[in-house]
There are 2 protein chains.
Amino acid sequence: MRTAVNTHFPAHQGSAAQRIENELRRSIITLELPPGSRLSEHDIAERHGVSRQPVREALIGLARTRLVEIQPQRGTIVVKISVRKMMEARFVREAIETAVVRRACSSFDRQSRQRIDDLLEMQAHAARRDDHAAFQRYDELFHVALAEGAGCPLAWEAIQDIKAHMDRVCQLTLPGPEAMLPLVDQHRAIVTAIDACDENAAAEAMLRHLTEILRALPRVEAEHPELFTA
Amino acid sequence: MRTAVNTHFPAHQGSAAQRIENELRRSIITLELPPGSRLSEHDIAERHGVSRQPVREALIGLARTRLVEIQPQRGTIVVKISVRKMMEARFVREAIETAVVRRACSSFDRQSRQRIDDLLEMQAHAARRDDHAAFQRYDELFHVALAEGAGCPLAWEAIQDIKAHMDRVCQLTLPGPEAMLPLVDQHRAIVTAIDACDENAAAEAMLRHLTEILRALPRVEAEHPELFTA
DNA sequence: CAGTGGATACTACCATACAAGTGTCGGCCA
DNA sequence: TGGCCGACACTTGTATGGTAGTATCCACTG
């Protein structure tokens, strides 16, 4: 089975629309396309060598997760980061993932459990190499494995949509192994609690992990005010 | 502010694509389009008097919430109801909404609080008239008001996507005022607990409310096996 | 000189036409 | 008669042209 990052359109894996949506999503999250950027169907189509139609569909997909805002007959722009929405997204994610790890304490798929060890290993390696992209990918896979292992893959689908509001902030806070390595430790703490079948400890560990982002938020907002909404 | 049912495409409120998506979603949830139905872009376009393009965009939107499955170069079908996915969706929803009502106990917007009283009144009226459509609409608005009042409208957005897996089952269980009226009482119990600022009681009430659907599930599955996946 | 009205250059939106892939049905062959 | 092979009908995917709406800029007016 191929490991597909975006599982929303299992049927559209190879379509131009899906390719472009993934590409644009990546560019937005990595801030290559900074908030406020104007996106033109025409330009993007030319740049990717396709027609405007698939580009349009890609933009609609991004609009659904609120990464871009389509203003009819006016234009499409990359939305600015909203601290308020990020806080809300974090709150919802905390609600889902603490419930997931609690469930994981009752029963956890053995295959997923094995996979998690591998993922943690690779993530730590990525952190030491200061490879943000790989780190974030493994982070995502870790949480996916958690949801799947707990028997609730749908939980991750739900998270994926709201996570978009947090990803760009994470992108700003990650640089430097000293920021990434502690996150791996937090992951380990979660797994340890699950192995011990200690619901409260697992939920507590997840809560600490998801609260981490709040620490650096004021700093990054002060450093890059132009990326945030007023 | 206009009360928009679907807030995913604020920019597309009047667009043909959005109109058709809403219409199709309604038809699927009300089981007018039963699971397994084949949907043809061509036919739908003709029936609505538009071209294939907006229909296509509508179908992509529905595919994102897994209401339909697009099989490239083959066709698009209404997905069957999956008990497994419904259980997962219920679990995730429970996680989110119990967290929301807990938060609501700390602080709750006064305007939303007033609105909830009106909604409960109207919902009870709809129940007595045996008006499923109105009942379900008010039910949705109740949960929206809860999320907004708690200061987390994003929570409802997240729920909307996964709720699709539950709505059709609800559609099957609702008929008859004797099924609907208890649900209104459960809503009242939630509000009462929030007014008393009793977190645990509120979460407990919400949990009972969201567990209700499990009671009737075996019956409807036995009565309509053709609607469910094997 | 400030303010207003209109032509213009964009935009997203929709319609139409074409391309590419898939399942089916019927004829052909062994 | 059973199995294989090819044409056809149907699907979604993509390309292109035209339409309607909005913002901008500039000439014109008070």
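Quick notes on this structure:
- Element breakdown for the range B:12-78 at a 1.4 angstrom probe: carbon and sulfur atoms account for 48% of the accessible area.
- The order of B:V79, B:V101 by accessible area, most exposed first and with a 1.4 Å probe, is B:V79, B:V101.
- Using alpha carbons only: equivalent-ellipsoid semi-axes of the protein assembly as shown, gyration tensor based, whole Å: 33, 29, 23
- Accessible surface ranking that places the most exposed of B:S37, A:S107 first, with a 1.4 angstrom probe: A:S107, B:S37
- The mean sequence distance of close C-alpha pairs (under 8 Å, at least 6 residues apart), as a share of the length of the range A:78-152, puts its relative contact order at 43 percent.
- Theoretical ellipticity at 222 nm over chain B - DSSP helices of four or more residues, -39500 (n - 2.57) apiece, nearest 500: -23500 deg cm²/dmol
- Less than 5 angstrom separates the built amide H of B:K80 from those of B:G36, all sequence-distant by 5 or more or on a different chain.
- Only Cα pairs under 8 Å and 6+ residues apart enter the sum, and on that basis the relative contact order of the range A:110-155 stands at 45 percent.
- Folded to 0 to 90 degrees: helix B:177-195 orientation relative to chain B principal axis, Cα: 50 degrees
- Taking every residue in B:153-166 and counting other chain Cβ atoms within 10 Å of its Cβ, the average works out to 4.
- The 1.4 Å probe gives accessible areas that order B:C105, B:C197, largest first, as B:C197, B:C105.
- Rounded if a/c under 1.5, otherwise prolate or oblate - the range A:83-131, Cα gyration tensor axes: oblate
- For B:L33, distant residues with modelled amide H under 5 Å away: B:I28
- Shortest-first nm distances, B:P153 label point to equivalent points in other copies (7 Å, Cα→Cβ): 3.3
- Kirkwood radius and radius of gyration were both taken over the C-alpha atoms of chain A, and their ratio Rg/Rh is 0.98.
- Probe 1.4 Å - accessible area at A:H48, Å² to nearest ten: 80 Å²
- Environment charge of B:P177, counting only residues whose C-beta is closer than 15 Å and scoring Lys/Arg +1, Asp/Glu -1: -3
- The shape of the range B:50-111 can be summarised by an equivalent ellipsoid whose semi-axes, obtained from the alpha carbon gyration tensor, come to 36, 18, 7 Å from longest to shortest.
- Counting, for every residue in B:81-94, the Cβ atoms of other protein chains within 10 Å of its Cβ and taking the mean gives 4.
- Size descriptors for the range A:161-230: radius of gyration and Dmax over Cα atoms are 14.4, 45 Å.
- By the Cα gyration tensor, the range A:18-83 has an equivalent ellipsoid whose semi-axes, rounded to whole angstrom, run 18, 13, 11 from largest to smallest.
- The phi torsions of the range A:198-203, fed into the Karplus equation with coefficients 6.51, -1.76 and 1.60 and a -60° offset, translate into couplings of 9, 3, 5, 5, 5, 5 Hz, rounded to whole numbers, with Gly and Pro shown as x.
- The relative contact order of chain B, computed from alpha carbon pairs under 8 Å that lie at least 6 residues apart in sequence, is 23 percent.
- Accessible-area value, B:Y138, 1.4 Å probe, nucleic acids and ligands omitted, Å²: 40 Å²
- q = 0.17 Å⁻¹: log10 I(q)/I(0) that the Debye formula gives for the range B:10-146, counting C-alpha atoms only: -1.09
- Take the range B:83-227 with all the other protein chains still there, run a 1.4 Å probe, and you get 44 Å² of accessible area per residue.
- Qualifying lysines (Cα of each under 29 Å from Cα of A:K80; at least 8 residues distant if same chain): A:K163, B:K163
- Computed with a 1.4 Å probe on the full set of protein chains, the accessible area for B:H209 sits at about 20 Å².
The values are calculated or read from the model by the stated rules, or taken from the named source; none is laboratory data. Note that this is a predicted model, so its numbers are computed, not measured. Positions of Cβ are backbone-derived with ideal geometry, glycine not excepted, and every protein chain shown enters the neighbour counts. Protein only, heavy atoms only, side chains kept; ligands, DNA and RNA dropped before computing areas. Shrake-Rupley method; radii C 1.70, N 1.55, O 1.52, S 1.80 Å.
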